[in-house]
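The values are calculated or read from the model by the stated rules, or taken from the named source; none is laboratory data. Just so it is clear, the structure is predicted and the values come from calculations on it, not from any experiment. Every residue, glycine among them, receives a Cβ derived from its backbone with ideal geometry; neighbour counts consider all protein chains shown. Ligands, DNA and RNA are stripped out before the accessible areas are found, and what is left, the full protein with its side chains, is counted by its heavy atoms. Shrake-Rupley method; radii C 1.70, N 1.55, O 1.52, S 1.80 Å.
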Amino acid sequence: MIPLVKPYIAPREQMMPEIEKILYSGYIAEGQAVYDFEDNLKRFIGNDDLLAVQSGTAALHIAFSLLDIGCGDEVISTAMTAEPTNTTIALTGAKVVWGDVDEHTGLLDPNSVRGKITEKTKAIVVVHYAGMVCDMDEFNKISQEYNIPIIEDAAHGLGCRYNGKIVGSNSRFTCYSFQAIKQLTTVDGGAISFNNPKDVVPARKLRWFGLDKKVSRLENDITRAGFKYGMNNVTATIGNVQLKNIQPILNRYIENGKFFDENLRDIPGITLIPYYDNTEPAYWLYTMKVEKREEFIRMMEGAGIMASTLHHRSDTHSVFSESKCELPALDKFYSEFVHIPCGWWVSDEDRERMVDIISRGW
Ligand SMILES: *Cc1c(COP(=O)(O)O)cnc(C)c1O
């Protein structure tokens, strides 16, 4: 079965000596390997203001905490995402307000968001779902017009681009995940990048109990309680090895995605997703709309290819019952979309076979 997601781990002979070295180095907590990982990522993303953290969830939680979001506040978000985007909002005590999606793309619709802004709105979260990039031209306008910060959840989006530049410097915060099934995995890990250097120091403190690691423990004074959200030298070492191979891995997702864009275009029963102006997807999963979805999924499974919706919409969870509202475009998109594999493990022959069986109908 060709799976929808699969962890990429660098070859044993590259990875194992480095893991062994760090494990027995006497220093496995946050140290030089973590700072090297941060430097490598800064270079890759093109933003010097970035911190490595324990997970994508930690990155999101730090962002909401830095904005002092709490009870009585509202955060506009999308239900078309993985759960942590929204459970982290709930953790702060703020109310999640669902924006509807654009029915053509499944991504948060800026027009819907405009209609949901109130004086309580403290932030807007946009999710580059499946590696597709949100309509950032419009979201940037909204952010300026209403002076509301944007958090980009780029957990699926490593390597996607906006205005030709790798996503990670446009908004106040961009959050990445290096969890097992993301394009880059450190087993578990994440990062948060900033467009305002002033956020780096307080974020670094929130990462480690509220302490400043650059000052000795005796001289430290915690003014605000923080989390234990740092990365450690072991996962950072894995990340440093992984990053050596990241470009060809990401390219493979993108090449396969473009191949499907080109070759599934005219097949009856399939509607491809249009990408917004000035955006280039990372194609973490290939996303499209299909007629007779159940039959499509069964047909693909019969041919040894996993096709699925992967995530469950977030608004159906009881924890968000207070946020319940009509989301007609999401209802429509949610009933039609499907993902097929397009990652590094999908070979030229695999993708040709996929197009071939899809073109025969279902
Ligand atoms: C994976 C994921 C996260 C959380 O990342 P973790 O590293 O697993 O904590 C956040 N948002 C989305 C959309 C994700 O898919």
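Some observations on this one:
- Cα→Cβ-extended label distance, 7 Å offset, between residue 119 and residue 27, nm: 5.3 nm
- Burial ranking of peptide ranges 19-25, 158-164, 310-316 (average Cβ count within 10 Å, highest at the top): 158-164, 310-316, 19-25
- Residues of the chain: accessible area per residue with a 1.4 Å probe, Å²: 43 Å²
- Note on residue 213 and residue 187: the model spin-label points, each 7 Å out from Cα along the C-beta direction, lie 1.8 nm apart.
- Helical runs (DSSP H, four residues minimum) scored at -39500 (n - 2.57) apiece and divided by the length of the chain put the mean residue ellipticity at 222 nm at -11000 deg cm²/dmol.
- Of the peptides 73-80, 9-16, 180-187, 292-299, the order by per-residue mean of other Cβ atoms within 10 Å, starting with the highest, comes out as 73-80, 180-187, 292-299, 9-16.
- Members of 198/244; 165/213; 289/332; 141/165; 182/205; 42/165 lying beyond 21 Å, as alpha-carbon distances in this model show: 198/244; 165/213; 182/205
- When only alpha carbons are used to place a centre, segment 179-204 and segment 94-160 end up 19 Å from one another.
- Take the Cα of residue 20, step 7 Å toward its Cβ, do the same at residue 347, and the gap between the two points is 3.1 nm.
- Shape parameters for the chain, alpha-carbon atoms, Rg then Dmax in Å: 20.7, 70
- Peptide ranges 141-150, 214-223 listed from the most packed, as the mean C-beta count within 10 angstrom indicates: 141-150, 214-223
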